[in-house]
Each structure stands twice: as structure tokens, then as C-alpha cells.
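The values are calculated or read from the model by the stated rules, or taken from the named source; none is laboratory data. Since this is a predicted model, take the numbers as computed values, not measurements. For neighbour counting, all protein chains shown are included, and Cβ atoms are generated from backbone atoms with ideal geometry for every residue, glycine included.
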Amino acid sequence: MSFEFEERPTIKGFPELRWTGKRPYRSTQYFPAQLRERYGDDQKGWINKIFWGDNLQVMSHLLKEFRGQVDLIYIDPPFDSKADYKKKITLRGQTVTSDSSSFEEKQYGDIWTNDEYLQFMYERLILLRELLSDTGSIYLHCDWHKSHYLRAIMDEVFGINNFLNEVIWYYRRWNIASTVFAGNHDTLLYYAKNRGRHTFNQLYIPKSEKSSAQGKSWKSVIGEDGIRRSIQTDEPTKGVPMPDMWEISMINPVGNERLGYPTQKPEKLIERIIHASSNPGDLVFDCFMGSGTTQAVAMKLGRRFIGADINLGAIQTTTKRLISLSPELESKNSELFQSLIYKETNTEKTDYLLREDLTLYVAEGDFEENHKEEKNDSEIGSFYTGFEVYNVNNYDFFRNPLEARELLIEALEIQAFPQSNVWDGELDGRMVKIMPVNRIATKADLEGLKSNLPYKTYEKRKEENPNQPVEKITIVCMGHEPDLKAVFEQEISEYKFDIEIVDILRDKSNLQLKREAEADIAIEGSRLVIRAFYPLNLMQKLSLQKEFVEDWRQLVESVMIDWNYDGVVMQPTITDVPDKKNIVEGIYKVPEDAGTIRVKITDLLSESLEVEVR
């Protein structure tokens, strides 16, 4: 199955951004997804969805069911900040004896060539447009590195007339003297699928008590001369309409909200976006999920959501975060909406007032047309707490893309070329190029290779042996566009190449790129007891030997248990996810009706071991 996209016409008189290797993105193929885990139950026939995989493939999967169905998109994509982002891994407790009790683990990289980055974002924005509903809108979070390029691409993809705002998120932080002004803001590029039809709930800031206009408001009227004017009235004011500069604090480094995930954004920022551009029950999507802030806030505010990320650490962090939210929301299903005061009026919109504590409540009004049937508080306060976790493609050994190159070199027995800017190594007389492994290889990925090839050497080889290939090349990738080889040969047709593409997912699906964990789990009477757990990758990084592990629980983030595993989808009823200061229990009472028991233990690196006990 494939999906085709309508190409937007070129608008005369408006510029279009060009880059080396830019090509139209007019179709994609369907990628199947495998349901791996399920937490909680559906609500009103819906259960939220989390996808682990390349978001290009995830969105290609979603097109089959959700094309034109997403009401709000927020994405916080790579900024091309030229940095690698790390997470500090620290043992729980202090009783483990080792050379080190903590280390920094690289989570993901944000280093691109300019052309590669632009093509990457261009293709994903096209798919996001296809998923967006006719009344939907999208917020793209960026900063000074690429905001100017991204706005030009969004103008092209969504249409210049669908631009709504450039919102500035201003935050205070400790500034140091420099030769430039201190950078204290990010940018949100806000576009509609169809301007004028998009969902928008007006936000207000309360007027100061000292304001001379306190208790008064302004309204627009047309005078006898036909000219529109604003006049002040004595009608109660809702406050000042929200401007396009938002001052919201960054996350407290030691606060409860901080999850230790690089580039995590504050919930208050996402709350404002979701309140402004969606209604209860709407579908929210974030395909650069990270720590799951969008999903957590959507759950708290009664929205449905879909999330995706290629980093397994993001999947595990988000899963734990949502599990911790569910009990509170399920037991107090309308707690966050107790301040929502519903009044039936003739208006068609819901107005929100921004209080001093930055929470929002309905001041007056009705819901959008598609929510008018919801006429009671219980409907307004419905929370969608259940969610499922899917895999799109098999990414098990690519938990950390930054380590994948070294792991592949070792696993494939490639002779590495650490100083080369062209080749990663040599294997059986063939030059090896490892493509980006956190996504499928595209034609744009070939540009960096083609621009650095030793053409003078090839010219000499061609003269000496005109019928022989000037180079034997092996391209290693994790999924690729079907015509990748043909495009390479066509674009450098003046030289003959012997090109081999090794697709790890297809050709080396049994490749083991990490050391498996070990565990000793047993049923003792009516209890399931985890006697020992040895996450070998983590222990290797800590220089920790088995004999020095005094309490295996200090190496563990969570334990999940499904007492009646169906052999396909894990549906845990035990979700032992302690906070940062505590450790898992390790001993669990087995219910009388237990059948096949499946245990999932996740370590501090977000790597998991799943074991069937009986």
C-alpha cells in the first residue's frame, strides 16, 4: 500500500527555499506496526498510542487510519544545535560497590549537514500536513539555528496564507557577559491547515489591579460614518488578549517535573498550546516525543494523543510518566476540570482566562460545533488514561543511535577508518559507508558521500581500466528508499561503481549488537520473587562485576508484570515504577487466577529484559 500527496502549486512572486539534494516528496509506502504493550483500558472507544520507530515510517503507518484526523500537532524537532545530548545515569541508593556510581550516557545527537537537515524536516512536515484535520493547526518549536529556514519550508508546505503567528517563548536564565546579546528565547511557528477554519480558544491575561482600566473592557463598533472604532465600556473584562510573546519559566533543574531527559520542555508551555488550539476529546500528535511532555499534558487536559520517537529512552521515559499519571486521573476523573464552569450561551467558542497561577478555566461560552453535544461536567472531565505501545520496524538493537556506528563496525567486523571523512571502514575489499541509523536512508543522505568522493583517483582508475568499477562500495543502513542504489548510479553515471546495500533490518535481522541482560526469577509459594538481575551493558559502563552487586534493584528503573500473558501483547497489571529516591519492590503476590506470567525489567539505560516465568 502506498500514499500519494498533492503537490502545492508554486506561488508567483514568493520565494522558495532551495538546497542541494532537494526533491519532491510525493508518496510514501505503508509500514505495519506491532502492538507490544497495553496499559489501562479504552475510553469511549479510544486508547492512546505510542510508537517506537522512525517518525517518517510511523507517520506513513498512521496515514491509513488518521489521515486528516489530527486536531493539533506540536513538535520539538532537532534544532541542528551541533551538540550531542547526554543523560546522567546514577545508581539508586549508595550500597553498590564499584569504580563509579554514575556516568553520562549519550542519548541522541543534533549534528547535521545543512542540506540533510532541511530535507529531513521537509519530508516530515509534508506528512504532518497530511495527518492534520481541516480545522487543525501545528506548532513547530525551534530556535535561532534554523528558524528562518523552517519558516520558509512551512510557508511552502502549509501555504503562506496559513501562517498564524511567530510566538516567542521567553525564559529567564543566568546570563554572562559576551560579545553578543544573551539568547533567552525559543520560537514557535504556528500554522493552520486552513486559516479561518482552525480551532482557536482566546486566552486572556488578567489586568493589573492597579490598571486604570480595571473592571472595564473594550469592544469594536462601527460608527455612523461607517468607520470601525474601539470604545471602552463598563462591561466586565476578561483581561488582556494573550500576545505572541509568552514568558514561561524553564523547568527547575531540581524540581519534580525534571525527568533528566535532555531538552525537556515545561508543561506550562504545552498547556497553553493545547488550551488555545484544541478542545476536550480532540486528538493531539507529537512525533518528536522526547520525555512525553505533550502526551502527559494532553492526558491531564482530557485530550486524546498519539506520540512517536526513535529513541527507546524516550519511549521508556514517556511510558513511566504516563503510568504515574493514570491512577490520579482515573480516581479523580474531573479533578483538573473542577474549575471549568459550563454555561449554555449562543456563542460558539470557549473563552479561557489565564489566572495568576497559569492554570486555565472556562470563563463563558460553548464548545466548538463538533463538541456541542457534550452538555455536562462528566463529559468535559473525561480523561483518556489508557495507552498502547507499538513498534514500527525492529529497532531493538538501536536503542541509542549514537552508539550504533561503533556497534555495527564491531558486529560486522569492519576495519574502521577513524580519520576518514568519506568511509567508515573497509570490509572484504569493499569501502563501507554507514548511513544514519536512526531512520531510513534517503537520497538526501547520499549527498554528503557524493560530495566527498575522491574523483581524481576515480578518473585515473577509469583511464587505466575503463570496463572495471572505479570503486566497490557497501552502504550499510537501517531501511532505505527502494531506488537508493539506482539514484546513486544515475547521478554519478560518468563512473562505474559496484554498489551493495546492506539493510540491517532485512539482511542482518539476527544481528546481536548488545549484551543481553540476565535474571533469576522464581515462584516461591504465592509470591513471584526476582532474586537477581544483571543488566550487562549497564554493568560494563559502570565497571561493575556481578559479585559486587549488593542489591540488583539499584540498577532498575521499573518492573512490569502481566499475570495472564496472551503470547502477543503484554498488558501489565503490576507497574512498579518508583520515584527517583526509591527502588522497586522485587517481590510480588501472585493472584490465584494467574496463567502465563511475563515479567519486564527495565534498567537505568532503558534497556529491558522480558521473561516468561510459567
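A count restricted to region 141-158 and to residues that are buried (at least 19 other Cβ atoms within 10 Å of the Cβ) and part of a loop (DSSP other than H, G, I, E, B) stands at 1. Within region 282-310, the residues that satisfy the criterion of being farther than 11 Å from residue 267 by Cβ, among the β-branched types (Val, Ile, Thr) and modelled with pLDDT of 95 or more are 284, 306. Residues in region 180-205 that are at pLDDT below 90 and in contact with a His (Cβ under 8 Å, 6 or more places away or on another chain): there are none.
Only residues that are more than 23 Å from residue 416 (Cβ to Cβ) and modelled with pLDDT of 85 or more were counted across region 471-487, and they come to 4. Applying a threshold of 8 Å to beta carbon distances and a minimum spacing of six or more residues, or different chains, the list of pairs starting in region 216-236 at a residue that is more than 26 Å from residue 206 (Cα to Cα) and hydrophobic (A, V, I, L, M, F, W, C) and ending at one that is in a strand (DSSP E or B) and at pLDDT 70 or above reads 222/228; 222/229. All conditions but one from (1) closer than 30 Å to residue 588 by Cβ; (2) buried (at least 17 other Cβ atoms within 10 Å of the Cβ); (3) within 33 Å of the chain's Cα centre (by Cα) apply to residue 475; the one that does not is (1). Being surrounded by fewer than 17 Cβ atoms within 10 Å (Cβ to Cβ), modelled with pLDDT of 90 or more and closer than 18 Å to residue 598 by Cβ is a property that does not hold for residue 532.
Out of 35, 63, one residue alone is modelled with pLDDT of 90 or more and either in contact with a Pro (Cβ under 7 Å, 6 or more places away or on another chain) or surrounded by fewer than 17 Cβ atoms within 10 Å (Cβ to Cβ) (or both). It is 35.
Only one entry in 257, 271 is over 11 Å from the mean Cα position of the chain (by Cα), modelled with pLDDT of 95 or more and of a type outside the set (A, V, I, L, M), namely 271. Kindly indicate whether residue 273 is among the β-branched types (Val, Ile, Thr), in a helix (DSSP H, G or I), in contact with a strand residue (DSSP E or B) (Cβ under 6 Å, 6 or more places away or on another chain) and surrounded by 21 or more Cβ atoms within 10 Å (Cβ to Cβ). It is true that residue 273 is among the β-branched types (Val, Ile, Thr), in a helix (DSSP H, G or I), in contact with a strand residue (DSSP E or B) (Cβ under 6 Å, 6 or more places away or on another chain) and surrounded by 21 or more Cβ atoms within 10 Å (Cβ to Cβ). For region 411-445, the tally of residues that are over 32 Å from the mean Cα position of the chain (by Cα) and touching a residue at least 40 places away in the same chain (Cβ under 8 Å) stands at 4.
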